[in-house]
1. Name the most mobile residue of 103, 309, 149, meaning the one with the largest mean-square fluctuation, in a Gaussian network model of the chain with Cα contacts below 10 Å.
2. Do you know the relative contact order of the chain, to the nearest whole percent, from alpha carbon pairs under 8 angstrom that are 6+ apart?
3. Would you please give the FRET efficiency between residue 322 and residue 120, computed as 1/(1 + (r/R0)^6) with r the Cβ-Cβ distance and R0 = 60 Å, to the nearest 0.05?
4. Which residues in segment 225-243 place their backbone N less than 20 Å from a point set 7 Å from the Cα of residue 285 along the Cα-to-Cβ direction?
5. May I ask what percent, to the nearest 5, of DSSP beta bridges between residues of the chain are antiparallel?
6. For every helix of n ≥ 4 consecutive DSSP H residues, a contribution of -39,500 (n - 2.57) applies; sum these over the chain, divide by its total residues, and give [θ] at 222 nm rounded to the nearest 500 deg cm²/dmol.
7. Using alpha carbons only, how many degrees (0 to 90, rounded to 10) separate the axis of helix 80-99 from the longest principal axis of the chain?
8. Select from 355, 46, 312 the residue whose mean-square fluctuation is largest in a Gaussian network model of the chain (Cα-Cα springs shorter than 10 Å).
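Since every read-out is calculated from the coordinates, none of them should be taken as a lab result. Only a predicted model underlies this, so the values are computations on that prediction, with no experimental measurement involved. We place every Cβ from the backbone using ideal geometry, glycine too, and count neighbours over all the protein chains shown.
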Amino acid sequence: MTRGSRRTGLSRRSFVTGALGTGAALGAGATLAGCSDTSPTPVAAARFLPFEGAHQTGISAMPIPEQGLIASFNVLSRDRAGLAATLAELTDEIRGLMAGKPPEVRDPAFPPVDSGILGEKPPPDNLSVVVGVGASLFDHRFGLADRKPRELETMPFLANDRLDPKLSHGDLSIILEAGHTDTLQFALRQLMRRTRSHLVLRWMIDGYARGIGAGPVSEAATPRNLLGFKDGTSNLDVEDDALMDRHVWVGPGDGEPEWAVGGSYQAVRIIRMFVEFWDRTQLAEQEAIFGRRKVSGAPIGMTGEFDDPNYAEDPHGERIKLNAHIRLANPRTAESERNRILRRGFSYSRGFDGAGRLDQGLAFVSYQRSLEDGFLAVQRRLKGEPLEEYILPVGGGFFFTLPGVTGPDRFLGDQLVG
Ligand code: HEM
């Protein structure tokens, strides 16, 4: 694949240019990013994303919107028919939300059908909703045990983990992305309202995926995480269908249940960062830990962010340490090619803890065709990396994102429950 390649975070298809700050629909990050420059700044126009497709469209929609939210639910439906009805309701609501369907006007003697926080008609804001199912959905309740995706399991404790049960696992995951927080809150409340007798919130986390660190879109700049490093430089190109088929989408010959074809395994990790400790660490040490320069994002010893780190010429790790994050995560060998994953996480900031330390981190999300060959293989290589001293995984879960909806009469998971 695109080894050390160009930035893939912006879709050439969806990228359009417009004047700086011309409308409320522009993402705050994009608008602010251009504020020191009076020339028109290209921005990605906010739009309603398509809902239907062979795969859930939010997994690969570009550009990645500014805001993200992960919500995990327990399912209370009594039986398979109840679960099917819940998935159908959920799908109908998502379909309307992503298309910006105006809420129906009701007799004021009743509560309104929506919260009203987006006004009369929700504006386009790149809203996407991605639904996944956890291993627990395949227990005795719905008679689905023989339909469980082969590798789906409750996320185990992995290297360095302190998983908090109040922030982990769940029957069903919903990941929302949009340009603004109020769009996410609006969508979440609509989805919960529609399914309230069947879906109960188990945990959630929200944050931002881009922000001002991403710079002007014209430079296709990579956002920075809360450790100050560019994050997303080397990722799968979502426009390369062959690559996505190879690494992200479950295919017909994978030995998975038939209903699962077109879906993808989703690994969610809530990873806290000890930012005060990090901020007291020497720059040279920080860069060695990742294997990249902090300001430019270039691999150490190279000049450009997208330069190939060229490990073959540095077999003993004199330039980029053998245990640097990027080298372990993707050694770029013929064998490690099959372990490539699509990362689509976001930063979070949740105030501070009892000791007065900031509670910040990364809501890591990755998609892969196989958990074993994807996330788990990469995670195993990262075990014991120097970065572990500065981070602590505290939650998350493994889910299987349902295949996309391919017609008006279909719903998410219809073949799973049918
Ligand atoms: C708080 C935790 C983490 C931080 C701060 C972090 C940060 C970074 C940074 C700065 C890069 C280099 C820029 C880039 O190519 O995107 C990177 C690359 C990468 N990270 Fe992480 N990461 C974290 C956790 C993880 C986890 C849990 C995994 C998977 C198990 C992972 C997998 C990767 C991969 C596959 C790459 C691309 C390597 C390449 O292709 O060169 N990261 N990460």
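1. 103
2. Here the relative contact order equals 25 percent.
3. 0.55
4. It comes to 226-230, nothing else.
5. Rounded to the nearest five, the antiparallel share is 100 percent.
6. The per-residue figure over the chain is -5000 deg cm²/dmol.
7. 70
8. Per the Cα network of the chain with a 10 Å cutoff, 355 tops the list.
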